[in-house]
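Colleague: Sharing a structure with you now.
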Amino acid sequence: MTIDAGGGFDLELAASALQANAGDVQVLLTVLAEQLADVLGSRLEVTRAGGRLRRGGEITSVRLTVGNDVLEAVADHGSLRCTAGRVSGGIRIRTETIGASEWVRRLLEAVRAEAAHSDAARQALERMVIGGTT
C-alpha cells in the first residue's frame, strides 16, 4: 500500500502503480474485474465479447456503481474510452468523458472510500496496488 507523508493513501502513486502493472487494456480490465467482483458484487457489471454472461471471453467493458458515482471503461481498439457519471434518485444526471488516468484515479478513490468500512474492499485495493494476496 502506498502511504503519503501525512499517513494517508497516495492515490496518484497508486494509480501509477496500477497502470504500470497493467499497461495493456485487456490486462487492466481483467485485473479490475477479478479484484473488484467480490467487493462490489452486483455493483460491478462486466461485459465480455459475445455477451455479459459468457465466461472467459475478452472483456469489452466494466461499469461500476459506488454510491452516486458510475464509472465505465470500454475497450476501444486497444485504448480505453472512459466515462464518469453521477446518479440521483436512480436517474443519471451527469456523464463526462475522462482520460484513463483520471478514471483509474476516481476508481481508486471510490474503492478507498469503500475500504474505509469494508475489510474486503481494503484487501482488494491492496491487491490491485501491490499485487499478490493478503
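The values are calculated or read from the model by the stated rules, or taken from the named source; none is laboratory data. Quick caveat: nothing in here was measured; it's all calculated off a predicted structure. Cβ: placed from backbone, ideal geometry, glycine included. Neighbour counts: every protein chain shown.
Colleague: Could you grab the pairs with beta carbons closer than 6 Å, sequence gap of 6+ or different chains, first residue in segment 23-38 and more than 12 Å from T60 (Cα to Cα) and touching a residue at least 40 places away in the same chain (Cβ under 8 Å), second one β-branched (V, I, T) and outside any helix (DSSP H, G or I)?
Modeller: Filtered contacts from segment 23-38: L32/V62.
Colleague: Can you tell me how many residues within segment 57-110 are touching a residue at least 40 places away in the same chain (Cβ under 8 Å), of a type in the set (D, E) and assigned to a helix (DSSP H, G or I)?
Modeller: Looking only at that region, the number is 1.
Colleague: Can I91 be described as over 23 Å from A120 (Cβ atoms) and among the β-branched types (V, I, T)?
Modeller: Yes; evaluated as a whole, the condition is true for this residue.
Colleague: Do you know which residues across segment 49-62 are at pLDDT 80 or above and either surrounded by 16 or more Cβ atoms within 10 Å (Cβ to Cβ) or among the basic types (K, R) (or both)?
Modeller: I59, T60, S61, V62
Colleague: Moving on. Which one of V46, V27 is modelled with pLDDT of 80 or more, within 23 Å of E102 (Cβ to Cβ) and hydrophobic (A, V, I, L, M, F, W, C)?
Modeller: One residue alone meets the criteria, V46.
Colleague: Kindly list the number of the only condition in (1) at pLDDT below 80; (2) over 24 Å from Q123 (Cβ atoms); (3) surrounded by 18 or more Cβ atoms within 10 Å (Cβ to Cβ) that fails for C82.
Modeller: Every listed condition holds for C82 apart from (1).
Colleague: For segment 63-79, which positions are within 26 Å of A116 (Cα to Cα) and surrounded by 14 or more Cβ atoms within 10 Å (Cβ to Cβ)?
Modeller: The answer is R63, L64, T65, V66, D69, V70, L71, E72, A73.
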